[in-house]
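Read the structure below first, then the notes.
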Amino acid sequence: MFGWLERNPFFFAVGVFVVIAFAGLIEIVPDFAQQSRPVVTAKPYSLLELAGRQVYIKDSCNACHSQLIRPFKSETDRYGMYSLNGEYAYDRPFLWGSKRTGPDLHRVGNYRTSDWHANHMWDPTSVVPGSIMPAYKHMFTNVTDLETAYAEALTVKKVFNVPYDKDMDGDGKVDVPLGSYEEAKKRAFEYALRVAEETKRQDLVDMVKAGKIPEIVALIAYLNRLK
Amino acid sequence: MNWLSDNVNQLALLGAAAILILTIGVAAKYFKQIKEGKSEGELKEENWDGIGEYKNNSPIGWSLAFIGTIIWGIWYWLVGYPLDAYSQIGEYNEEVKAYQAKFESKWANPTKEDLLGMGEGVFLVQCSPCHGIDGTGIEGKAQDLTRRLLKEEVLDVINRGSAALGNPNGQLGYPMGMMPPGLLSGADAEAVAEYVANGFKGNDKGAELFQSACASCHGPDGRGMNGMAPNLREYDDKIISAVLEHGKRGIIGTMPSFKGRLTPVQVKAVATYIRSLSEGA
């Protein structure tokens, strides 16, 4: 019946394409159109958080940590609500990770605090006996690169229309301000001082006051943001 | 010939012989066919560069399976999986519902041992990173759960009231609401703080002042008058569930809220476990 198809490679290819595309069309497109939208509570990262995110990427935390809670009871019991696609709308790139040497971190901001992170990153075994996570002492002296973070924020604002300086929820207030580099930097320093004080480490507070944000402070601001 | 007495070995040998005989037989058949066989049957009209094809009907079983697959495929596309709005989240919700029902019926009347075991599990996973695996708070990084309150904590609450717990308008959700700041000051405050931190022992001045300044809310014995205000003597179920629900930002640090993350039975279990820490087992 379909002998003619065998003699017409072009139509055969079209037929194969239609059959395969159909599955993709009904399974992927409608779901994607709906789920790729930002969830209502998703907000872009502030400058300091974005800088912390870059530290997270630079030090390859995602090699050992995932940021994706799957809808399984065993995971939601430990980490909280399962992750939704729309929560990653402002993650470029997303940091789902594919290996869990350590626990998932997608909602770590809910159940850890700044001082805990500072203790843990300085020496993981001081709070979790037997931890195999490496210590990250260099982060307590390395200075955060705010300029690159600002460049990233400005780029995604201009190119991808990420809603910086916009009123997202209609309450008449700008939700995540960015503004000029000077403005953004000033805000980042205020934020950094708050985080540094929460860590209860005077050396971090002194560094911020001296005009240098240690990487650990930016990283903690980012980790606290993960909710 | 010891090994032949084992019937598995016998069967294996029999199987090997059968395979050998069948292989030789089949090979012989095809060799014969190659030597003597002639092509028979009707050829189709088409040929591809001289290579033709017989007009054979496909086997019935194969055809039925093929048609069956097509019908199943149409059903699957249009009625089954994707368009029937299967959702992973839906499956998750059902899984959780079924689990919760089982969990609740299983632990409807837990014994103290059940609670201790469950509480230890919850504590080690959720609480030990801050409170330490022995519950002593890792050298002052979090509340030492083997004892109730420190003198500095009590003093801080007397001075700052509910603000010392994270929210000046009442933090822990007790019926009394908030605790006003500055009920006592100076040496009086010190004396009461010492008395409370010491487990309501010694210190007559503290005991007296407690009765006049604090007992109206925390009860004459400091046990909180059945949950009207926090129990200052021991970790009762109420203070644990209140702290887990609302969190606390005190003089030691920040205790995050665990709202919605533990079931009531688990909260009771972890409270039982925490009490067992100070019973000095």
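Kindly state, to the nearest 0.05, the FRET efficiency for A:ILE26 paired with A:ALA151, given R0 = 56 Å and r defined as their beta-carbon distance.
0.85
On the basis of the beta-carbon distance and an R0 of 41 Å, B:ASN57 and B:LEU14 show a calculated FRET efficiency of 0.60. A 1.4 Å probe run over the protein chains yields, for segment B:142-214, 47 Å² of accessible area per residue, whole-number rounding.
Both chains summed, the buried accessible area for A and B stands near 2300 Å², from protein heavy atoms and a 1.4 Å probe.
Taken over segment B:149-232, the percentage of Cα pairs per 10 Å bin, counting from 0 up to the bin with the maximum distance, is 20, 57, 22, 1. Note on segment B:127-143 and segment B:153-190: Cα centroid distance 24 Å, given to the nearest whole angstrom. Residues of segment A:186-227 falling in the label zone of A:PHE160, defined by backbone nitrogen less than 20 Å from a point 7 Å along Cα to beta-carbon, are A:219, A:222-227.
A simple spin-label model places the labels of A:TYR181 and A:SER126 3.5 nm from each other, with each point 7 Å out along Cα-to-Cβ. Over the Cα atoms of chain B, the radius of gyration divided by the Kirkwood radius equals 1.47; this is the Rg/Rh ratio.
For the protein assembly as shown, go through all pairs of different Cα atoms, get the mean of 1/r, take its inverse, and jot down that Kirkwood value in Å.
That comes to 29.4 Å for the protein assembly as shown.
The residues B:ILE89, A:ILE216, B:ILE60, sorted by heavy-atom accessible surface at 1.4 Å with ligands and nucleic acids left out, run B:ILE60, B:ILE89, A:ILE216 from largest to smallest. Ranking B:CYS214, A:CYS64 from most to least accessible surface, computed with a 1.4 Å probe over the protein chains only, gives A:CYS64, B:CYS214.
With N as its number of residues, segment A:47-225 has a Cα radius of gyration that, divided by 2.2 N^0.38 Å, comes to 1.05. Interface burial in segment A:18-57, defined as at least 10 Å² less accessible area with all protein chains than with the chain alone at a 1.4 Å probe, covers A:VAL19, A:PHE22, A:ALA23, A:ILE26, A:GLU27.
Taking only the Cα atoms of segment A:81-127, the radius of gyration and Dmax are 13.0, 36 Å.
Using R0 = 51 Å, the C-beta based FRET efficiency linking A:ASP206 and B:ALA207 works out to 0.70. Compared with the dominant Cα axis of chain B, that is its longest principal axis, helix B:151-160 is turned about 80°. Converting phi to 3J(HN,Hα) with the Karplus coefficients 6.51, -1.76 and 1.60 and the offset θ = phi - 60°, segment B:172-187 yields 8, x, 7, x, 5, x, 10, 9, x, x, x, 5, 9, 8, x, 5 Hz in sequence order, with x at every glycine or proline. Taking label positions 7 Å along the Cα-Cβ direction at both B:GLU245 and A:VAL14, the computed distance is 6.7 nm, reported to one decimal.
With protein chains left intact and a 1.4 Å probe, residues in segment B:14-137 average 80 Å² of accessible area per residue.
Can you give me the Cα centroid spacing of segment A:71-96 and segment B:27-42 in angstrom? For segment A:71-96 versus segment B:27-42, the Cα centre distance is 65 Å.
The values are calculated or read from the model by the stated rules, or taken from the named source; none is laboratory data. This is a predicted model, so every value here is computed, not measured. Positions of Cβ are generated from backbone atoms using ideal geometry, with glycine treated the same way; all protein chains shown enter the neighbour counts. Each accessible area value is taken on the protein alone, full model and side chains, heavy atoms only, with ligands, DNA and RNA left out. Shrake-Rupley method; radii C 1.70, N 1.55, O 1.52, S 1.80 Å.
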